[in-house]
Amino acid sequence: MKERIVILFLLIFLMGSLANAKDPRANILFIFSDDHAPHAIGAYNGWLKSVNPTPNIDLLAAEGMLFQNSMCSNSICGPSRAVILSGKHSHKNGFMNNGNSFDWSQQTFSKILRKAGYQTALYGKSHLKGRPQGFDDWAVLPGQGLYYNPDMIFPDGRRRINGHCTDIVTDIAVEWLKEKRDTEKPFMLMVQHKAPHRNWMPATRHLHLYDDIKIPEPATLFDKWEDNAPPARFQELEIDRHMDLNYDLFVDLTAEFDQAPSQKRQDRSAWVNMKRMSSEQLKAWRAAYGPKDAAFHAANLKGKDLVRWKFQRYAKNYLRCVKGVDESVGRLRTTLKELGLDENTIVIYSSDQGFYIGDHGWYDKRWMYEESLKMPFIIKWPGVTKAGSRSKRLIQNLDYAETFLDIAGVKIPSDMQGLSLVPLLKGESPKNWRKSLYYHYYVHMVPRHYGIRTQRYKLMHFYQFGNEWEMYDLKTDPDELTNLYGKSEHAKLTKRLKKQLTALQVHYEEDSDLSEKPDSWKAEMRAGK
Ligand code: CA
């Protein structure tokens, strides 16, 4: 009898302490930037490594796991975010290009996590239009947002915040971690920076960074795309022909910003933003760019020398913006430590897709070529990921939703199309991991194309531009300079890849209009449109 009473008391005590126990599930801090190419991260060992652009992100990689073959499914801002939230390819989540609006009523991983007891928050660039759903708290930039003194939209309205966008977004996230969240619940916090998106406007404290060094040039800076199919020669991404001295590189923009520069077609956001600067901010900008502009005019550069100069100014501004993001990663991790949360918080660094930093002579994204197809994915899961580990497995932004749900121990909906990365994070070697991945870019500035990427090969179909194909052996030709498509010795491989590509389209239930309209683009190009 006495023993029974003791057991009863013990049971009551145990149940009581369980009811009061904090939810032990791991927190998730997802730090996400815009257009940050893996080769502009030290830990990825790209040609920009010598600049030491990202010490804090490199530290995360040294303590966690880095994915070398992390790729997007549609290389542009809004669509990549839609894929991440929904765990579905663009044709399934309905956000194919930046002109679309995201249907927030659809299933997203954040809604599911919230329902399962997680506290969820989103701060920074959403780029999906509309009021975010599935978050306990949020603050987003309208559209692309501004670098300096941006407006932000909060649940209770829109207001301007003074400062640099990267710092502001970090401040809001830090404040939420320290003062606003429910400490009894695990959290999933998405910190999404605008930087280093065009037009690359660094914080004033970074304006002189890299002044005294020469950024190494990519090997393909003067690529003329001679072996590519015609689409690569018809785009609007060239440093030489398309990057604007005023709007993109700020030449004379700080001195004469009272009148709009003459060219009409360009992205004017830098100029618009400069008009919003405080007198102190503008003073710092004039001090940084005024003397450089004067030296540029005096040099009177032409041809390749001018391209090289444009590359230097562009790459430096891009990397200055990256520096702000890297500092944000450091600050967020310091905050976790201060709050005693670092041992139970998974930290991820990623960006919506890669970018050309002069590679192939370009400065943008969109293509399925390696530099914009790849996206960084670095993760530290304390006690699970092995410090300094690297994976070569093919992973995609399509996999994040399922990974987050799996981490939280929540059932993964059967209509999500990715794979949980959890087995890879645990160091397991699943035999049935994907051998190939699917890509589809829909519209704007480069022709539509879809394709397949395996560990070694890539096959792309430009179906509305001459019905053109390209195929590369990435082992022997990592810069994709030799198009193997149509060469008889590779006929067998081509056939095999085409078959696999069709199988992927069937698997993902691709239902977009894939009909070939071979001559429409060519006719436009011939007409000089
Ligand atoms: Ca982007």
Boolean, TRP381 is within 21 Å of the chain's Cα centre (by Cα), surrounded by 18 or more Cβ atoms within 10 Å (Cβ to Cβ), within 16 Å of the ligand (Cβ to nearest atom) and over 15 Å from ASP34 (Cα atoms): no
Test set (1) in contact with an Asp or Glu (Cβ under 9 Å, 6 or more places away or on another chain); (2) within 16 Å of the ligand (Cβ to nearest atom) - GLY361 fails condition number: (2)
Tabulated pairs, the stretch 345-373, first more than 19 Å from TRP200 (Cβ to Cβ) and of a type in the set (Asp, Glu), second part of a helix (DSSP H, G or I) and away from the ligand (no atom under 13 Å from the Cβ), C-beta under 9 angstrom, 6+ apart or interchain: GLU370/ASP359
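Search the stretch 57-89 for residues being outside any loop (DSSP other than H, G, I, E, B) and hydroxyl-bearing (Ser, Thr, Tyr), and hand back the single one that is nearest to the ligand (Cβ to nearest atom). It would help to see each step written out before you state the result.
Step one: list which residues in the stretch 57-89 are outside any loop (DSSP other than H, G, I, E, B), which gives 57-63, 65-67, 70-71, 77-86.
When the remaining residues are screened for being hydroxyl-bearing (Ser, Thr, Tyr), the result is 70, 80, 86.
Numbers: SER70: 15, SER80: 7, SER86: 17 Å.
In this case the residue turns out to be SER80.
Filter the stretch 274-315 down to residues that are part of a loop (DSSP other than H, G, I, E, B) and over 30 Å from the mean Cα position of the chain (by Cα), then give me how many there are.
If we filter the stretch 274-315 for residues that are part of a loop (DSSP other than H, G, I, E, B), which is where we start, we get 275-278, 300-302.
Filter again for over 30 Å from the mean Cα position of the chain (by Cα), leaving 300-302.
Count: 3.
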Residues within the stretch 461-478 that are at pLDDT 95 or above and touching a His at 6+ places or on another chain (Cβ under 8 Å), tallied: 3
Selected residue (criterion: nearest to VAL169 (Cα to Cα)) from residues of the stretch 33-58 that are free of Cβ contacts under 8 Å to residues at least 12 places away in the same chain and in contact with a Gly (Cβ under 9 Å, 6 or more places away or on another chain): ASN52
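Check LYS426, LYS392, LYS431 and return the single one that is charged (D, E, K, R) and under 22 Å from TRP367 (Cα atoms). Full working, then the answer.
On the way: LYS426 fails: under 22 Å from TRP367 (Cα atoms); LYS431 fails: under 22 Å from TRP367 (Cα atoms).
After applying the criteria, what remains is LYS392.
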Residue count for the stretch 158-205, restricted to those that are at positive phi and surrounded by 24 or more Cβ atoms within 10 Å (Cβ to Cβ): 0
Filter pass, ASP473 being closer than 23 Å to VAL446 by Cβ, without any contact (Cβ under 8 Å) to a residue 40 or more places away in the chain, outside the structural domain of LYS92 (by TED's automatic domain parsing) and acidic (Asp, Glu): yes
Some residue of the stretch 300-310 being touching a residue at least 24 places away in the same chain (Cβ under 8 Å), within 16 Å of the ligand (Cβ to nearest atom) and buried (at least 21 other Cβ atoms within 10 Å of the Cβ): no
Which listed residue, of TYR318, TYR349, is outside the structural domain of ALA40 (by TED's automatic domain parsing), among the aromatic types (Phe, Trp, Tyr) and either at pLDDT 95 or above or in a helix (DSSP H, G or I) (or both): TYR318
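The values are calculated or read from the model by the stated rules, or taken from the named source; none is laboratory data. Being a predicted model, the structure only gives us computed values, none of them experimental. Neighbour counts run over all protein chains shown; Cβ positions are idealised from the backbone, glycine included.
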